[in-house]
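K.L.:
Before I ask anything, here is the structure I am working with.
Laboratory data are not the source of any read-out in this text; all were calculated from the coordinates shown. Quick caveat, the model's predicted, so the values are computed rather than measured. In this analysis, Cβ positions are derived from the backbone assuming ideal geometry, glycine residues included, and neighbour counts consider all displayed protein chains.
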Amino acid sequence: MRIGELSERTGASVRSLRYYEQQGLLSSTRSAGGHRRYTEEDIDRVRYLQRLYLAGLSSRTIAVLLPWCLSGPSIENTDAAHVRLVEERQKLKAHITELSQTLSSLDELIASNRAFRASDAP
């Protein structure tokens, strides 16, 4: 399938698909006319990449983890993946804590705003 169809079927933009290729996360073959060609398996790969990005992982981290996640573990990449996964989990947990604090602050501001509006009502 061509890049436009892969984009349509996965919801990833054409620009994202090109970026994935540039980062070595996705590969394609080329037609005689130079068009990128993808397989059905690439649909699952792109969806998997999207989930990793949504989890907050960088392309560099994904590149480290991808061989382990998709190709199966080996002694070398299992150790590297474990260290990286623990680091990413810690970063994500810290980010969730920060977001929770921001949410609490917003809740306080909303409550203050409502209290002010209620006390200033004619």
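K.L.:
Per DSSP H run of at least 4 residues, take -39500 (n - 2.57); add these up for the chain, divide by its residues and hand me the 222 nm value, nearest 500 deg cm²/dmol.
P.N.:
-24500 deg cm²/dmol
K.L.:
Note the listed values (i) 13.9, 43; (ii) 19.2, 59; (iii) 21.6, 75, then indicate which one is Rg and Dmax of the Cα atoms in Å calculated from this particular structure.
P.N.:
(iii)
K.L.:
Here is a follow-up. Output the 0 to 90 degree angle, nearest 10, between the alpha-carbon long axis of helix 59-71 and the longest principal axis computed from the alpha carbons of the chain.
P.N.:
That works out to roughly 60 degrees.
K.L.:
Report the FRET efficiency, 1/(1 + (r/R0)^6), for Arg51 and Ala111, where r is their Cβ-Cβ distance and R0 is 41 Å, rounded to 0.05.
P.N.:
E between Arg51 and Ala111, to the nearest 0.05, is 0.70.
K.L.:
Hey, what does the equivalent ellipsoid look like for region 1-54, semi-axes from the Cα gyration tensor as sqrt of 5 times each eigenvalue, largest first, whole Å?
P.N.:
One finds semi-axes of 18, 11, 10 Å for region 1-54.
K.L.:
Right, here's the next one. Taking the convex hull of the alpha carbon atoms in region 74-122, what volume per residue do you get, in Å³?
P.N.:
It comes to 38 Å³ per residue, whole-number rounded.
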